[in-house]
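The values are calculated or read from the model by the stated rules, or taken from the named source; none is laboratory data. Since the structure is predicted, the reported quantities are computational estimates derived from the model, not experimental observations. Backbone-built Cβ (ideal geometry, glycine too); neighbour counts: all protein chains shown. Accessible surface areas use protein heavy atoms only, side chains included; no ligands, DNA or RNA. Shrake-Rupley method; radii C 1.70, N 1.55, O 1.52, S 1.80 Å.
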Amino acid sequence: MKKYLLFTILVFITVAVKAQEMQPPKYSFGVRIIGKGRPMILIPGLKGAADTYNDVVAHYKDHYKCYVITLAGFAGQPSNADTLHPLQTQHDQIIQYIIDKHLKKPVLVGFSFGGTLALWITITRPDLIGPLVELDGVPFDDGIESDHVNMDSLRKDAKLQRYRTLNATSAVWKHLDSVRHTDAFRKSGFVYLQNLLTDTNRIKQVLNWDDASDYKATWLMLDEAETLDLRNSVAKINSPILVLGSWKGWDNLKTKAAVEKRYQMEYAPAKNVTIIFSENGKHFLMYEDFDWMIMEMDKFLTKH
């Protein structure tokens, strides 16, 4: 009887382990955990890796437990199975991660694309999030450079692009993959990034993240983000918000005052927001104006 019972237990354990191995991972984003203390979640920008925040984490790791994310499909992180709403999936999973890990009012830091995602998370669950730091992230990217955005047209274009992306053949993806690994493509990317970054080695690093990203996943997430207008919804955020902005690199807006005015308009409904602009830094503030950025973050986090 005892042998039979032992055999039954072993079979049960084996089946349970196999079932667990067959289930997809609960979180499709990657997480690097460094440091100790108050929780801080950091989300990089489009196609960015957790390495985006290496210097930031080095500064905060003695007083904050940093959860540094790489979104699914970006910079070598495998894409998730959801092709209909991949950005929504990242949004939902990060919220669930905060709940599962019992992270009490974490500081949430988002850069650019990751900043918009951080806003969306905070708007959805304002009860979960502590102070919010937006590194050149905005509620509605298209609204910065354009006075009048036709949302119907924007949604139609995004829907069409999503359809094309989902229905592209393997031959199309093979061709695109071959093109994006050519010298000409990389040179064009280098020229574009010079508007956002100064250091040549940093530009090469960003291009390497781009190479390692899943283009299909990237386009699907971009299509979803295109129609995400959070301008009025920021009123739901109870946490204090620090927005650190850059003004160089915009196509239509040429002065700091012009860009700052648009940021102020987008965040106007928020209850408690501070917006400060770098005098000289380009878009990648953590590389372009690090000392200024950290000084402002320190002041904000000490206060809150």
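Within segment 85-100, which residues are open to solvent by less than 50 Å² (accessible area, probe 1.4 Å) and closer than 20 Å to Asp223 by Cβ? It would help to see each step written out before you state the result.
So in segment 85-100, the residues open to solvent by less than 50 Å² (accessible area, probe 1.4 Å) come out as 86-87, 89-91, 93-95, 97-98, 100.
Those that are open to solvent by less than 50 Å² (accessible area, probe 1.4 Å) and closer than 20 Å to Asp223 by Cβ: Pro86, Leu87, Thr89, Gln90, His91, Gln93, Ile94.
Here Asp92 passes the criteria (1) at pLDDT below 95; (2) assigned to a helix (DSSP H, G or I); (3) not aromatic (Phe, Trp, Tyr) except the one numbered (1).
Residue by residue, here is whether (1) modelled with pLDDT of 95 or more; (2) more than 22 Å from Trp219 (Cβ to Cβ); (3) open to solvent by less than 80 Å² (accessible area, probe 1.4 Å) holds:
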site	(1), (2), (3)
Lys26	no, yes, no
Phe29	yes, no, yes
Ile34	yes, yes, yes
Ile43	yes, no, yes
Ala49	yes, no, yes
Thr70	yes, no, yes
Thr83	no, no, yes
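With respect to (1) assigned to a loop (DSSP other than H, G, I, E, B); (2) open to solvent by 60 Å² or more (accessible area, probe 1.4 Å); (3) modelled with pLDDT under 95, the lone exception for Val17 is condition (1).
Is it fair to say Leu103 is open to solvent by less than 30 Å² (accessible area, probe 1.4 Å), in a loop (DSSP other than H, G, I, E, B) and farther than 20 Å from Asn232 by Cα?
Details: open to solvent by less than 30 Å² (accessible area, probe 1.4 Å): yes; in a loop (DSSP other than H, G, I, E, B): yes; farther than 20 Å from Asn232 by Cα: yes.
Considered against the rule, which asks whether it is open to solvent by less than 30 Å² (accessible area, probe 1.4 Å), in a loop (DSSP other than H, G, I, E, B) and farther than 20 Å from Asn232 by Cα, Leu103 comes out as yes.
Residues of segment 79-99 that are of a type outside the set (Phe, Trp, Tyr) and touching a residue at least 60 places away in the same chain (Cβ under 8 Å): Ser79, Asn80, Thr83, His85, Pro86, Leu87, Gln88, Thr89, Gln90, Gln93, Ile94, Gln96.
Yes or no, residue by residue, for (1) farther than 30 Å from Leu253 by Cα; (2) more than 14 Å from the chain's Cα centre (by Cα); (3) open to solvent by 70 Å² or more (accessible area, probe 1.4 Å):
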residue	(1), (2), (3)
Pro78	yes, yes, yes
Ser146	no, yes, no
Asn150	no, yes, yes
Lys156	no, yes, yes
Asn167	yes, yes, yes
Ser170	yes, yes, yes
